[in-house]
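Participant: One structure follows; several queries about it will come next.
Just so it is clear, none of the values below were taken in a lab; they were calculated from the coordinates. From a predicted model like this one, the values you see are computed outputs, not experimental measurements. Here the Cβ is made from the backbone with ideal geometry for all residues, glycine too, and neighbour counts use every protein chain on show.
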Amino acid sequence: MRSSGRNSNRNYRGAGNSRDDRQQSSGRPRPEERRYGSGGGPAPRKKRAAPARSREYDAQIEERNRARHDKPAPRLPKTFGDQEGERLQKVLARAGLGSRRACEELIDQARVEVNGKIVTSQGRRVDPDKDEIRVDGLTVATQSHLFFALNKPVGVVSSMEDPDGRQCLGDYVQNRETRLFHVGRLDTDTEGLILLTNHGELAHRLTHPKYGVTKGYLAAIQGPIPRDLGKRLKAGVELEDGYARADSFRVVQNTGRNYLVEVSLHEGRKHIVRRMLAEAGFPVDKLVRTRFGPIVLGDQKSGWLRRMTNTEVGRLMREVGL
Ligand code: URA
């Protein structure tokens, strides 16, 4: 199943750019290569056989680890004296584009764009987390935190470690200098978009019911389906742990008895889409998450990891008031 939309991921060299960060998943991720500013290092660790533990126990361990590692981020100063942002040439130099002097020359040569506009005069200030900066048309990775989008394949467990040695999210981001967290979970048999970051507050807000971030799913079900199925899902279906409502519903494809439907909702209870559709009489054969707030899966291949663009990160931050 594929969703619409497309993500542009051409990043300017180094600093954990998206091409370096992509890992193909023909079952397992590639060992990491050494790369500027994002770790690299020894060969992938070996899996240990360990006693089975419940998913709840794993979740507790992860919550504890998150609290332990979730130190407040070293925030870059947003103001310098009475001026906002950081000097563009300084941000470019830190991203590995050369000395500050060399970066000033890039600006003089009209090779630098900020949010789609060429900058030619010196003295421009930017927000390295939110402004989209390009050199020669290629995005420069200037974020002070790491933000990744993974297309999780079926069979991968939504945890950073798995004591039973099953393939898990941690396998896709090994050997990083900083600890990453996954933003919410997908069932092991659900595939699609899952976000990973070391920005603890963002991860927390994106999954907190208070912020009600919308998630979009494509579900394969067997028809025929009644005309009012969407209406019923939007009105709410009663589940054992209370009512659940869809924000939107539409039929994307219908070939004979096979239906592909798109459901969006802003809550994150376990198996919520499968349970809602099953309760309505349509058990799900296959489920893919195609959207998380403003971030779309697009044509990102199964098992590939990509660095999110500054524009995407800016949108995510605004979504939860950061
Ligand atoms: N709803 C489900 O049923 N499964 C998921 O993985 C996510 C949402």
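Participant: Per residue of region 111-128, in order, report the coupling 6.51 cos²θ - 1.76 cosθ + 1.60 (Karplus, θ = phi - 60°) as ³J(HN,Hα) in whole Hz, putting x for Gly and Pro.
Facilitator: Couplings: 9, 10, 10, 10, 6, x, 10, 5, 9, 10, 9, 6, x, 5, 10, 9, 9, x Hz.
Participant: Also: Given H placed 1.01 Å from N in the peptide plane, which residues other than close sequence neighbours of Leu146 have an amide H under 5 Å from its amide H?
Facilitator: Amide H to amide H, under 5 Å and 5 or more residues apart or across chains, Leu146 pairs with Asn198, His199.
Participant: May I ask for the net charge around Leu265, where only other residues with Cβ less than 10 Å from the Cβ of Leu265 are counted and Lys, Arg are +1 while Asp, Glu are -1?
Facilitator: Around Leu265, the surrounding residues sum to +2.
Participant: A further question on this structure: Let a ≥ b ≥ c be the square roots of the eigenvalues of the Cα gyration tensor of region 140-277; is it rounded (a/c under 1.5), or, if not, prolate (a/b larger than b/c) or oblate?
Facilitator: prolate
Participant: What does the net charge come to around Ala244 if you take all other residues with beta carbon closer than 10 Å to its beta carbon, with K and R at +1 and D and E at -1?
Facilitator: Value of the local net charge: -1.
Participant: Answer rounded, prolate or oblate for region 86-139, using the Cα gyration tensor with square roots of eigenvalues a ≥ b ≥ c: rounded when a/c is under 1.5, else prolate when a/b is larger than b/c, else oblate.
Facilitator: Because its axes are fairly even, with a/c under 1.5, region 86-139 counts as rounded.
Participant: Between Ser248 and Thr311, with labels modelled 7 Å along Cα→Cβ, what's the label distance in nm to one decimal, could you check?
Facilitator: For Ser248 paired with Thr311, the spin-label model returns 1.9 nm.
Participant: How do Val91, Val296 rank when sorted from fewest to most other Cβ atoms within 10 Å of their own Cβ?
Facilitator: So the ranking, lowest neighbour count to highest, is Val296, Val91.
Participant: Would you work out if region 145-200 is rounded, prolate or oblate? Take a ≥ b ≥ c from the square roots of the eigenvalues of the alpha-carbon gyration tensor; rounded if a/c is under 1.5, else prolate when a/b is larger than b/c, oblate otherwise.
Facilitator: Oblate.
Participant: Out of residues 5 or more away from Ala141 or on other chains, whose amide H comes under 5 Å of its own, with H placed 1.01 Å from N in the peptide plane?
Facilitator: Tyr12
Participant: Taking the beta-carbon count within 10 Å as an exposure proxy, list Asp129, Asp228, Asp187 from fewest neighbours to most.
Facilitator: Fewest-to-most Cβ neighbours within 10 Å comes out as Asp228, Asp187, Asp129.
Participant: Something else about it: How would you rank Thr311, Thr139, going from fewest to most other Cβ atoms within 10 Å of each one's own Cβ?
Facilitator: Thr311, Thr139
Participant: Further question: With a Förster radius of 45 Å, plug the Cβ-Cβ distance of Arg257 and Asn115 into 1/(1 + (r/R0)^6) and report the FRET value to the nearest 0.05.
Facilitator: 0.40
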